[in-house]
Amino acid sequence: MKYDALFQSFNFKSGIEIENRIVMAPMTHFASNDDGSISDAELKYYSERANGPGLIITACANVTANGKAFPGQPAVDRDEMITGLRTLAETIKKNGAKAVLQIHHGGRECPPELVPNGDVVSASDVESSQGVQARALKEEEVAEIIRAFGEATRRAIEAGFDGVEIHGANGYLLQQFFSPFSNRRNDKWGGSLEKRLSFPMAIVDEVKNAVSAHAKEPFLIGYRLSPEEPHEPGITMKETFTLLDALVEKDLDYIHISLQEFWSKPRRGTTDTRSRIEIIQERIGDKVPVIGVGSIYTAEDAIKAKETNIPLIALGRELIIEPHWVEKIKAGEEATIQTALKKDDQERLVIPAQLWQAIVNAPGWFPFN
Ligand SMILES: Cc1cc2nc3c(=O)[nH]c(=O)nc-3n(C[C@H](O)[C@H](O)[C@H](O)COP(=O)(O)O)c2cc1C
């Protein structure tokens, strides 16, 4: 069959096996309850999409109260959240998909009204992309956040997830520590490329320790990163190679490269003119599986992406637009896959109202017919 390459099973290092090569990308839906607990609307949204992808990564969940970056963000910052998270894991897993919780701290990108006392924190006192002045974390606060990633992992295990994905991408706290733009510290957490790596690496170690201490069954650890920053100073491809080399040493289950466009080319830091994902895949080789993502809408797009030797392909917007993408290809009905939204699609596609509002208020983000 033409699309067989998408339907081979895959085994992760930790011992988890998934049925096919399609991953649901982590996507914030703004639909959890105000206290961060799981809502019925989000359960329905995942339930509608849980019959196809081998692996489903949830919306990012904040690990501390001062890491909340979105209204309606799911929280994993306290034990009371475990019951709801368990229902979420069960919903995702009901037809065999594996469930991964994305664990997150928004850092300077948190809106002041969502964090206690409006106290927005980051690596350094640098303004956010929205013009919010952040406060540099004290050393003991850095240690608390690292511990919180371990605690969040313990809660994910207790809730029955199959893994966690550490959110090191999209300009949030881990990336803020790695970036020469937002990290201007001169202590053990900043001042050189090596020291800027120490916060994300400390989190990886903490998460690994939590898994060793608490998981009784195989449990995945993935790491998501953005390969470049547009501004200077900012993360370049060259710096990303250093981050990738360090992550490879950590023996993770996967590395997920966050991109809007799978085939996008490097801006700077390399003379290689191939796409970023091809360059990264070559650098990592078969040491750690890579997940590629970005504007993959059709079965044809996915097959073409898969030909780069990337083992796993994630779909984000497309699974909002077409909840049954995988099932349709499996049934030979790929010609009926929807690749753009219609203005009255919200209910039919089981999209939570808050997510639908975010989509319609951001023209150009999603394709519309
Ligand atoms: C509604 C929406 C919410 C998102 N939320 C997250 C998130 O919580 N964590 C994350 O790492 N990426 C997030 N992303 C980025 C996606 O995971 C993905 O990288 C991006 O949309 C490009 O893939 P696509 O073209 O398949 O949508 C989000 C994207 C969308 C469309």
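The values are calculated or read from the model by the stated rules, or taken from the named source; none is laboratory data. Not measured: the values here are computed from a predicted model. Reconstructed Cβ throughout: ideal geometry from the backbone, glycine too, with neighbour counts over all protein chains shown. When the accessible area is computed, the model is the full protein with side chains, heavy atoms only, and any ligands, DNA or RNA have been set aside. Shrake-Rupley method; radii C 1.70, N 1.55, O 1.52, S 1.80 Å.
For Ala61, the residues 5 or more places off, or on other chains, whose built amide H falls under 5 Å of its own are Gln102, Ile103, His104.
The stretch 299-334 and the stretch 213-243 have Cα centres lying 24 Å from one another. When peptides 54-60, 252-258, 12-18 are ranked by their average number of other Cβ atoms within 10 Å per residue, the highest-first order is 54-60, 252-258, 12-18. Solvent-accessible surface of the chain, taken per residue with a 1.4 Å probe and all protein chains present: 40 Å². The mean sequence separation of alpha-carbon pairs under 8 Å and at least six residues apart, normalised by the residue count of the chain, gives a relative contact order of 16 percent. Between Leu225, Leu114, Leu197, the Gaussian network model of the chain with springs among Cα atoms under 10 angstrom shows the greatest mean-square fluctuation at Leu114.
Springs join every pair of Cα atoms under 10 Å in this Gaussian network model of the chain, and among Asp77, Asp187, Asp162 the largest mean-square fluctuation is at Asp187.
Dipole size of the stretch 138-245 about its Cα centre, with +1 on Lys/Arg Cβ and -1 on Asp/Glu Cβ: approximately 100 debye, rounded to the nearest 20.
Expressed as a whole percent, the accessible area of the stretch 92-250 that falls on carbon and sulfur atoms is 46 (1.4 Å probe).
Taking the Cα centre of the chain as reference, the dipole from Cβ charges on Lys and Arg (+1) and Asp and Glu (-1) amounts to some 500 debye. For the stretch 310-357, a simple Cβ point-charge model (Lys and Arg +1, Asp and Glu -1, everything else neutral) yields a dipole of about 80 debye relative to the Cα centre. Counted by Cβ distance under 15 Å from Leu114, the other residues give a net charge of -4, where Lys and Arg count +1 and Asp and Glu count -1.
Based on the mean of other beta carbon atoms within 10 Å per residue, what is the order of 348-355, 171-178, 289-296, most packed first? Intermediate values should be presented prior to the final figure.
Numbers: 348-355: 17.8, 171-178: 26.6, 289-296: 22.9.
Put in order of decreasing packing, that is 171-178, 289-296, 348-355.
Residue by residue, the stretch 213-227 carries 3J(HN,Hα) couplings of 6, 10, 7, 9, 10, x, 9, 7, 10, x, 9, 10, 9, 9, x Hz when phi is fed to the Karplus relation 6.51 cos²θ - 1.76 cosθ + 1.60 (θ = phi - 60°); x denotes Gly or Pro. Solvent-accessible area of the stretch 310-369 (1.4 angstrom probe, protein heavy atoms only): carbon and sulfur portion equals 52 percent.
With N counted as the residues of the chain, its alpha-carbon radius of gyration over 2.2 N^0.38 Å works out to 0.93. Toward the positive end of the charge dipole of the chain, with +1 on the Cβ of Lys and Arg and -1 on the Cβ of Asp and Glu, the farthest Cα among Val76, Gln260, Ile56 is that of Gln260.
Of the options Pro112, Ile221, Gly131, report the single residue whose Cα projects farthest towards the positive end of the charge dipole of the chain (beta-carbon charges: Lys, Arg +1; Asp, Glu -1). Farthest towards the positive pole: Ile221. Largest GNM mean-square fluctuation among Thr270, Thr298, Thr153, using the chain with Cα springs under 10 Å: Thr270.
Which value at 222 nm does the chain reach when only helices count, each DSSP H run of 4 or more adding -39,500 (n - 2.57), with the total divided by all residues and rounded to the nearest 500 deg cm²/dmol? Spell out each step's value before the answer.
On the way: 12 runs with 118 residues, N = 369.
Result for the chain, helices only: -9500 deg cm²/dmol.
How much net charge surrounds Ile321 when only the other residues with a Cβ under 15 Å from the Cβ of Ile321 are counted, with Lys and Arg +1 and Asp and Glu -1? So the surrounding residues net to -3.
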